[in-house]
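S.K.: Can you keep this structure in mind? I'll have questions shortly.
The values are calculated or read from the model by the stated rules, or taken from the named source; none is laboratory data. Predicted, not measured: the structure shown is a model, and the values here were computed from it. Note: areas computed on protein heavy atoms with side chains; ligands, DNA, RNA excluded. Shrake-Rupley method; radii C 1.70, N 1.55, O 1.52, S 1.80 Å.
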Amino acid sequence: MSLQIIYSVVARNRKIILTDYTEYSGNFQQATLKILSKVEKNTKREIEYPPYTVLYEDIDDVTFILIGENLKTEVGFSFLSDVKKKFFANYDTNKIQNSFSYYLREFTSEIKPIVRFYEDNQSYIKPDVLTDSNGKAEKIKKISINDILSQDEIIDIKSEKVQKTSDAWDGYKVTVNIIKKKKRAKMIKLGIMCILTFIIAFGVVYLLIN
């Protein structure tokens, strides 16, 4: 079975979704909000939520969450590490703490290529991804969804892959731009040829007259 990245989220204060990314339809957003409310500050956790795996890392109330299927721990945290690095490179603390719900939605475009990379390189693990500041291996606490949510709170997650219309549209736009460039080049070439023809004809007429 291949790795499937269902949902990626960046949130703050365990309640505000700043940005997210998915290529699926389903009810995983609601499940994520319930999990988010139970996140422990400055921790990394792996949550068994059959048939899915939920990984999260919280850094000073900024939480990175990944929901995946057939997801290995080290691969999942490598993914979160890349998202985290890119996110903190794009936004400073002031920007993050003053952002409201989905205010940083444009970061979706940064998550998308990371998703693509890990789905294409399903065994990729970043060096030292699960080591602490002293170089020692981090032991990720694995828990069940039943350990953090009551039976009444647990949502039966459903997801379905949707057509990658955005990719198709991106490809269409690239194709259209190429056609436009070729047409523009052809018109310029035709214009130059017309000018040269006029100059030559004028020169011939001038020579005949004189």
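S.K.: Mind listing the Cα extents of the range 1-92 along all three principal axes, in Å, largest one first?
M.R.: Principal extents (largest minus smallest coordinate, Cα): 38, 24, 23 Å.
S.K.: What 222 nm value per residue comes from the helices of the chain, counting each DSSP H run with n ≥ 4 as -39,500 (n - 2.57) and dividing by all residues, nearest 500 deg cm²/dmol?
M.R.: Working: 5 runs with 90 residues, N = 210.
Calculated at 222 nm, the ellipticity per residue is -14500 deg cm²/dmol.
S.K.: Using 24 Å as the Cα-Cα cut-off, could you pick out the over-long pairs in Lys139/Lys161; Lys72/Lys139; Lys15/Lys85? Walk me through the numbers on the way to the answer.
M.R.: Working: Lys139/Lys161 33 Å; Lys72/Lys139 14 Å; Lys15/Lys85 21 Å.
Those over the limit are Lys139/Lys161.
S.K.: Build a GNM of the chain with springs between Cα atoms under 10 Å: which of Leu196, Leu104, Leu71 gets the top mean-square fluctuation?
M.R.: Leu196
S.K.: Further, regarding this structure: Whenever you get a sec, line up Val39, Val204 from highest to lowest accessible area (probe 1.4 Å, protein heavy atoms). Don't skip to the answer; put the middle values down first.
M.R.: Working: Val39 10, Val204 75 Å².
The most accessible residue leads, giving Val204, Val39.
S.K.: Relative to the longest principal axis of the C-alpha atoms of the chain, give the angle of the C-alpha long axis of helix 165-209, reported between 0 and 90° and rounded to the nearest 10°.
M.R.: The angle comes out near 10 degrees.
S.K.: Give me the distance between the Cα centres of the range 1-47 and the range 91-163, rounded to whole Å.
M.R.: 6
S.K.: Sticking with this one: Got a sec to turn the phi values of the range 154-159 into Karplus ³J(HN,Hα) couplings, 6.51 cos²θ - 1.76 cosθ + 1.60 with θ = phi - 60°, whole Hz, x for Gly and Pro?
M.R.: Listing the rounded values in order: 6, 9, 6, 5, 10, 8 Hz.
S.K.: Enter the accessible area per residue of the range 1-144 (Å², integer; probe 1.4 Å; all protein chains in place). Please list the in-between numbers first.
M.R.: Details: 7010 Å² over 144 residues.
Per-residue accessible area for the range 1-144 comes out at 49 Å².
S.K.: For the range 19-66, which whole percent of the accessible surface, found with a 1.4 angstrom probe, sits on carbon and sulfur atoms? Each step should come with its number before you reach the end.
M.R.: Working: 780 of 1700 Å².
Result for the range 19-66: 46 percent of the exposed heavy-atom area is carbon or sulfur.
S.K.: While we're on this one: Would you mind checking which residues have amide H under 5 Å from Tyr7's amide H? H placed 1.01 Å from N; only 5 or more apart, or other chain.
M.R.: Ile67
S.K.: Treating the angle as unsigned and between 0 and 90°, give the value, to the nearest 10°, between the Cα long axis of helix 108-120 and the longest Cα principal axis of the chain.
M.R.: 80
S.K.: Which angle from 0 to 90°, rounded to the nearest 10, does the C-alpha axis of helix 73-90 make with the longest principal axis of the chain?
M.R.: Taking the Cα atoms of the chain, the angle to 73-90 is about 60 degrees.
S.K.: Starting from the coordinates of the alpha-carbon atoms of the chain, obtain the Kirkwood hydrodynamic radius over all distinct pairs and give the value in Å to one decimal.
M.R.: Working: mean 1/r = 0.0493 Å⁻¹.
For the chain, the Kirkwood estimate is 20.3 Å.
S.K.: Also, I was wondering about something else. Mean separation of Cα pairs under 8 Å and 6+ residues apart, divided by the residue count of the chain: what relative contact order is that in percent? Don't jump to the answer; show the numbers that get you there.
M.R.: On the way: 267 pairs, mean separation 54.1, N = 210.
About 26 percent, as a whole number.
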